[in-house]
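One structure is given here, and the rest of the page talks about it.
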Amino acid sequence: MSEPTPQAEPVSEGSAPPPAAKADGGHAGNGHAHADEHHGHSEHPFLAHHFDTPQQQFEAGKLGIWLFLLTEVLFFAGLFCAYTVYRAMRPEVFVYAHYFLDTRLGAVNTCVLLLSSLTAAWAVRNAQLRQHKMLMTNIIITIACACTFMVVKYFEYSHKAHDGLLWGPNFAPKEQVWELPGFKKKHPEAAEYAEKLAHAAKEAEKAPPAAAPAPAAHGTKPAENHEPAAKPTLEQVEPLLAAGLIGEKAENPTGVSRPRNAHVFFSIYFFMTGLHGLHVLIGIGIWIWLLFKARRGVFGPNYFGPIDYAALYWHLVDLIWIYLFPLLYLIH
Amino acid sequence: MADHSHGATSDGGHGDHGFAHTTPLSLLVGILAVLLVLTILTVSVTSIDLGSQGNLVVAMIIATVKAGLVVTYFMHLRWDRLFHLILFLTSVLFLILFLSMSITDRSEYDRDLEAFRQSQAQGK
């Protein structure tokens with residue numbers, strides 16, 4: 001805790017060096033600010049005084065970071081639980097909403113994060129082997145990948161805000177789901193059919209003002225007054241049914257409307273990706289700090305803990321995205 | 001390999017060789033390649049219809065394989081202390097418990113919900 005005392009002296013390893021030796025900072029050559037705290041460990045300038053060996057210091061930090069990652073898993077567990085329960089209860093909402101997400105952007109972000117995971121793991125290796133230049137390069141690539149991820153996320157978010165795809169009461173999609181290019185490409189017949197249904201429902205609403213029910217914003221429309229043209233085919237009906245756009249009576253659908261509480265998907269989406277994005281931002285901060293630390297050449301075989309811990313954290317962030325990507329973007 | 005970190009509390013002989021396992025670069029790059037291939041696979045398999053839950057199950061299996069690779073090699077749990085693996089698996093166990101308990105419970109409130117909806121509909 002304080003300056004060397006007679007009691008503290010025996011703690012240091014066998015050959016306690018003379019006080020003069022502690023100032024030279026050891027092989028890393030950067031002991032200056034800390035040298036005084038590391039009394040008796042002149043060969044390890046970054047060994048905190050309450051540890052006996054660099055290995056003990058490393059193991060303690062490692063246990064700490066694993067405990068932290070454990071709490072992180074449980075932290076995200078709450079959101080995964082919300083997702084799981086809501087998807088089990090209302091699968092059609094997820095089918096409906098996933099047409100609004102861009103799988104390509106999600107896939108690009110997945111690859112970017114995976115690449116940054118490699119460079120993070122590589123950086124640990126560089127630190128262990130004292131490969132100074134490669135360590136710097138790998139940290140910079142990791143930061144660049146993380147920034148790319150956030151830029152792509154920014155475009156996704158702003159696009160969604162523009163299209164009215166937001167959480168809770170802010171949910172007011174500008175486009176109907178069957179008008180989306182993704183939907184049209186996947187289910188051309190269904191898109192056409194939905195267009196027809198929507199048109200017919202509008203007409204029916206206009207024609208008999210007395211008979212028309214109050215336009216239900218949510219749920220199925222009980223507008224039974226329209227004559228069915230022809231029995232729709234399976235290709236036309238099934239995608240609409242799966243997305244909750246038409247009610248159970250697929251035999252004779254009379255209108256299309258989005259599934260009830262579709263906005264809950266976007267609440268879950270923004271909460272999960274937002275919390276994950278926050279972790280990425282924090283990760284960028286950590287890597288920038290480590291970049292400055294690495295530039296001073298402090299990392300080596302006896303002191304690479306900070307890089308290792310940051311990489312472990314970074315891998316966990318990647319791990320969460322590995323699950324988020326198929327759960328949010330790849331809904332069949 | 002796994003127990004090299006146990007005995008050596010006296011750092012003396014280690015010197016500049018370090019005390020933790022260094023993952024070979026070729027292995028790291030290979031894992032990344034596998035992860036990218038699995039990503040492409042999971043995207044492309046989405047367009048195939050595998051039944052109502054089939055696609056979700058396949059996507060989750062692929063994600064879990066990817067997660068396993070990341071944890072085993074990138075997070076070098078393979079060479080790490082067993083205790084860290086147990087810590088991690090504990091968190092996963094509690095995650096699974098949490099999700100499975102919630103999912104078995106999800107329909108318990110349907111009656112109340114239905115009653116609520118009906119009272120709302122009448123109010124309108």
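For the structure I just gave you, tell me whether residue A:97 is more than 10 Å from every other protein chain (Cβ to nearest Cβ), farther than 30 Å from residue A:244 by Cα and either surrounded by fewer than 16 Cβ atoms within 10 Å (Cβ to Cβ) or not basic (Lys, Arg) (or both).
no
Which ones in region A:135-171 are buried (at least 18 other Cβ atoms within 10 Å of the Cβ) and not in a helix (DSSP H, G or I)?
Within region A:135-171, A:165, A:166, A:171 qualify.
Do you know which residues across region B:44-63 are under 24 Å from residue A:81 (Cα atoms), over 16 Å from the mean Cα position of the chain (by Cα) and either of a type in the set (Gly, Ala, Ser) or facing chain A (nearest Cβ under 7 Å) (or both)?
Correct list: B:46, B:51, B:52, B:54, B:55.
Being among the β-branched types (Val, Ile, Thr), surrounded by fewer than 18 Cβ atoms within 10 Å (Cβ to Cβ), without any contact (Cβ under 8 Å) to a residue 40 or more places away in the chain and part of a helix (DSSP H, G or I): is that true of residue B:61 here?
So residue B:61 passes the test.
Looking for whichever is of a type in the set (A, V, I, L, M), modelled with pLDDT under 95 and on the phi < 0 side of the Ramachandran plot here; the options are B:45, B:37. Which one fits?
It is B:45.
Within 14 Å of chain B (Cβ to nearest Cβ) and either in a helix (DSSP H, G or I) or buried (at least 23 other Cβ atoms within 10 Å of the Cβ) (or both): does that describe residue A:245?
It is false that residue A:245 is within 14 Å of chain B (Cβ to nearest Cβ) and either in a helix (DSSP H, G or I) or buried (at least 23 other Cβ atoms within 10 Å of the Cβ) (or both).
Within the set of pairs 6 or more residues apart or between chains, which connect a residue that is farther than 17 Å from residue A:257 by Cβ inside region A:232-246 to a residue that is at pLDDT 75 or above with Cβ atoms less than 6 Å apart?
A:235/A:189
Give A:238, A:195 a once-over and let me know the one that is within 30 Å of residue B:51 (Cα to Cα), part of a helix (DSSP H, G or I) and modelled with pLDDT under 80.
From the options A:238, A:195, the qualifying one is A:238.
Among what's in region A:118-136 and is charged (D, E, K, R) and without any contact (Cβ under 8 Å) to a residue 40 or more places away in the chain, pick the residue that is farthest from the other protein chains (Cβ to nearest Cβ).
Filtering region A:118-136 for residues that are charged (D, E, K, R) and without any contact (Cβ under 8 Å) to a residue 40 or more places away in the chain, the one farthest from the other protein chains (Cβ to nearest Cβ) comes out as A:133.
So, residue A:178, is that one under 27 Å from residue B:38 (Cβ atoms) and either under 22 Å from the mean Cα position of the chain (by Cα) or modelled with pLDDT under 90 (or both) or not?
Answer is no for this residue.
For region A:64-71, does any single residue satisfy the condition of being within 9 Å of chain B (Cβ to nearest Cβ), surrounded by fewer than 18 Cβ atoms within 10 Å (Cβ to Cβ) and within 25 Å of residue A:323 (Cα to Cα)?
Yes, there is a match, as at least one residue in region A:64-71 is within 9 Å of chain B (Cβ to nearest Cβ), surrounded by fewer than 18 Cβ atoms within 10 Å (Cβ to Cβ) and within 25 Å of residue A:323 (Cα to Cα).
Condition (residue is at pLDDT 75 or above and under 19 Å from residue A:176 (Cβ atoms)) applied to region A:245-254: is it met by at least one residue?
Yes: one or more hits.
Could you please find all residues in region B:64-83 being part of a helix (DSSP H, G or I), within 9 Å of chain A (Cβ to nearest Cβ) and touching a residue at least 40 places away in the same chain (Cβ under 8 Å)?
Within region B:64-83, B:73, B:74 meet the criteria.
The values are calculated or read from the model by the stated rules, or taken from the named source; none is laboratory data. Because the structure is predicted, anything quoted here is derived from the model rather than measured. Don't worry about glycine lacking a Cβ; one is built from the backbone with ideal geometry, like all the others, and counts go over all protein chains shown.
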